[in-house]
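To start, the structure itself, in structure tokens.
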Amino acid sequence: MSKSELLTADKIRAAIAPQNIAYLSQLEIFDTIDSTNTYLLAQAKAGAPSGTVCFAEQQTQGRGRLARTWVSPPGGNLYCSLLWRFENVTHTLSSLSVAVAVIIANVLRKYSKLSDIQLKWPNDVLIAQRKLAGILLEQTGKSSIVIGIGLNVQLPPSAEKTWISLADVVQQPIERNQLAGLILNELFEQLPQFAEQGLRPFMRDWRQHDVLMNQTVTVHTPEKNISGVMCGINELGELLLRNDAGAMQQFCYGEVSVRFL
Ligand code: BT5
């Protein structure tokens with residue numbers, strides 16, 4: 001595996017457009033941390049401003065949703081968290097997760113010219129049905145969210161076969177600092193629009209990448225498992241499932257996961 005250039009604040013900043021740089025309040029880069037989300041949640045409670053960002057080269061307790069683990073080895077992936085304080089609580093975690101997934105897909109499409117990115121509700125970015133990136137949203141206080149993003153740039157050969165990295169699919173060398181900056185740039189560009197207009201401007205892109213559309217799946221909830229056919233999402237970012245009895249059911253971000261049958 002080729003050695004990746006270390007993350008550097010100046011290089012990340014350099015990839016953020018001048019009109020968006022003011023959104024970046026603070027940028028920290030750790031060599032090792034337990035979890036960038038855990039760190040930013042604590043910072044948020046201590047009063048950190050919107051636009052506080054941290055990256056780490058590796059995480060010892062990287063977290064996914066529902067108490068799952070995000071495997072976070074050193075050597076060239078991206079582990080990033082951004083604190084965003086919304087002015088009003090007009091969004092839902094379901095809709096924000098969808099918006100952030102679309103934002104990441106758009107950056108990857110522009111940066112890597114990848115045309116076959118798939119989005120799996122609520123928070124997975126896939127290529128060829130293998131997981132490239134995951135998003136973890138955690139609310140702190142009334143309207144502040146820590147947005148955590150794990151993106152595989154270069155995975156060790158021991159990684160699970162259901163995971164994939166950019167290096168597996170992109171031919172040219174991947175400039176991690178630039179990619180990190182471009183992700184922040186797109187978040188800074190799009191989050192204010194999301195705050196104002198909700199998911200409406202993101203729906204077309206979501207539909208284009210929605211890997212679950214028309215698939216037969218099982219939705220797992222803490223109470224029960226429900227199978228049916230996926231019918232996309234609504235403008236709140238909730239999943240729509242026509243269950244086996246023919247009724248339409250909605251699910252929101254939370255203790256819900258979806259498996260293909
Ligand atoms: C997610 O959870 O996909 C959210 C992952 C968010 C990680 C970022 S890294 C920066 C920030 N700090 C944190 O501590 N977390 C965030 P979920 O949908 O629950 O998916 C977790 C599942 O993905 C695991 O159960 C594994 O099956 C799989 N997985 C774990 N590590 C992976 C990796 N590196 N690449 C692909 N899949 C992985």
### Query
Applying the selection to the stretch 213-245, what residues are under 16 Å from Asp124 (Cβ atoms) and in a loop (DSSP other than H, G, I, E, B)?
Met213, Gln215, Gly237
### Options Ser144, Ser112; residue that is more than 23 Å from Gln193 (Cα to Cα), hydroxyl-bearing (Ser, Thr, Tyr) and more than 8 Å from the ligand (Cβ to nearest atom)
Ser112
### Message
Test of understanding: among Pro74, Pro122, which residue is part of a loop (DSSP other than H, G, I, E, B) and surrounded by fewer than 16 Cβ atoms within 10 Å (Cβ to Cβ)?
### Response
Pro74
### Task
Would you point out the residue of the stretch 77-93, among those that are assigned to a strand (DSSP E or B) and hydroxyl-bearing (Ser, Thr, Tyr), that is surrounded by the fewest Cβ atoms within 10 Å (Cβ to Cβ)?
Tyr79
### Residue check, Leu96 touching a helix residue (DSSP H, G or I) at 6+ places or on another chain (Cβ under 8 Å), assigned to a helix (DSSP H, G or I) and either at pLDDT 95 or above or at positive phi (or both)
yes
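For the stretch 80-91, enumerate the residues that are at pLDDT 85 or above and more than 16 Å from the ligand (Cβ to nearest atom). Full working, then the answer.
Filtering the stretch 80-91 for residues at pLDDT 85 or above gives 80-87.
Once the filter is applied, which keeps residues that are at pLDDT 85 or above and more than 16 Å from the ligand (Cβ to nearest atom), the stretch 80-91 yields Arg85, Phe86, Glu87.
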### Summary
Result of the Cβ filter at 7 Å on the stretch 246-261, keeping first residues that are part of a loop (DSSP other than H, G, I, E, B) and partners that are aliphatic (A, V, I, L, M) and open to solvent by 30 Å² or more (accessible area, probe 1.4 Å), at least 6 apart or interchain, is Tyr253/Leu93; Glu255/Leu66
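The values are calculated or read from the model by the stated rules, or taken from the named source; none is laboratory data. Bear in mind that the values here come from a model prediction, so they are computed numbers and not experimental data. Backbone-built Cβ (ideal geometry, glycine too); neighbour counts: all protein chains shown. Surface areas here come from the heavy atoms of the whole protein model, side chains and all, with no ligands, DNA or RNA. Shrake-Rupley method; radii C 1.70, N 1.55, O 1.52, S 1.80 Å.
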